[in-house]
Amino acid sequence: MNDRAYSFLGGAEGPWEVIRICPVVGDSLPEVPRLLVTDGLTAGHNSTWVLRGVTSNERYTTRSEKTQLVAVQPSLGRDQATCAALIPIRKSPEWWSLAQDERRLVFEERSHHIALGLTRLPAVARRLYHSRDIGEPFDFLTWFEYAPENALSFESLVTEMRATEEWRWVEREVEIRLRRAGAA
């Protein structure tokens with residue numbers, strides 16, 4: 001079993017209630033009432049849609065940045081983090097034609113992706129899943145968890161990220177907002 005592989009199953013079952021699904025760029029995903037996150041690359045026979053990804057190394061992160069992230073990054077599944085967002089993203093072929101150092105230049109040196117994320121830690125926990133190399137329709141699945149009192153911090157993070165140069169390379173993005181079932 002691959003303990004780095006995960007599936008996000010949109011359908012009628014799961015501990016996460018779907019508040020809304022909306023396209024940011026490109027096509028949306030079909031509406032579903034629930035989301036289930038499972039270990040492994042599941043087929044999701046009873047699901048309306050399935051998104052798959054694997055955790056991997058931080059591809060554009062320097063040692064110093066990684067040390068900073070590890071020092072403040074909270075774990076997922078905290079009791080108080082009853083809000084979540086799943087944001088699948090696909091970047092353009094032009095993005096992928098750049099060399100890795102060119103992507104890093106856009107990603108951090110000009111868009112400050114890591115620096116912006118660090119300003120919201122530890123309030124907003126996050127995990128990135130890579131999907132492009134396993135043939136999925138999105139390149140990345142970004143998962144965020146936060147407490148309701150940190151919702152404005154998360155909203156401002158998303159707004160700031162989308163205003164950066166990096167987002168000019170995004171050709172499809174869907175925003176899925178969630179609440180843990182039974183949470184107020």
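Just a few scattered comments:
- Principal axis extents of the C-alpha atoms in the range 1-46 (largest first, rounded to whole Å): 33, 22, 17.
- Loop GluC sites (Glu not before Pro), the range 1-109 (other Cβ atoms within 10 Å of the site Cβ: 16 or fewer; DSSP): 13, 31, 58
- Charge dipole (debye, nearest 20) of the range 5-180; +1 at Cβ of Lys and Arg, -1 at Cβ of Asp and Glu: 220 debye
- The mean sequence distance of close C-alpha pairs (under 8 Å, at least 6 residues apart), as a share of the length of the range 5-180, puts its relative contact order at 34 percent.
- In the chain, inverting the average of 1/r over every pair of distinct C-alpha atoms gives 17.0 Å as the Kirkwood radius.
- Computed Kirkwood radius, in angstrom, where 1/r is averaged over Cα pairs of the range 137-184: 12.7 Å
- Largest-first principal axis extents, alpha carbons of the range 43-129, Å: 41, 33, 18
- Its DSSP H runs of at least 4 residues, each contributing -39,500 (n - 2.57), put the calculated 222 nm mean residue ellipticity of the chain at -5500 deg cm²/dmol, to the nearest 500.
- Fewest neighbouring Cβ atoms within 10 Å first, the residues 140, 107 line up as 140, 107.
- Exposed-site-free run, longest, the chain (rule: trypsin sites (Lys or Arg not before Pro); DSSP loop; at most 13 other C-beta within 10 Å): 79-184
No value in this document is a laboratory result; all are computed from the given coordinates. The shown structure was predicted, so the numbers you read here are calculated from the model rather than taken from an experiment. For neighbour counting, all protein chains shown are included, and Cβ atoms are generated from backbone atoms with ideal geometry for every residue, glycine included.
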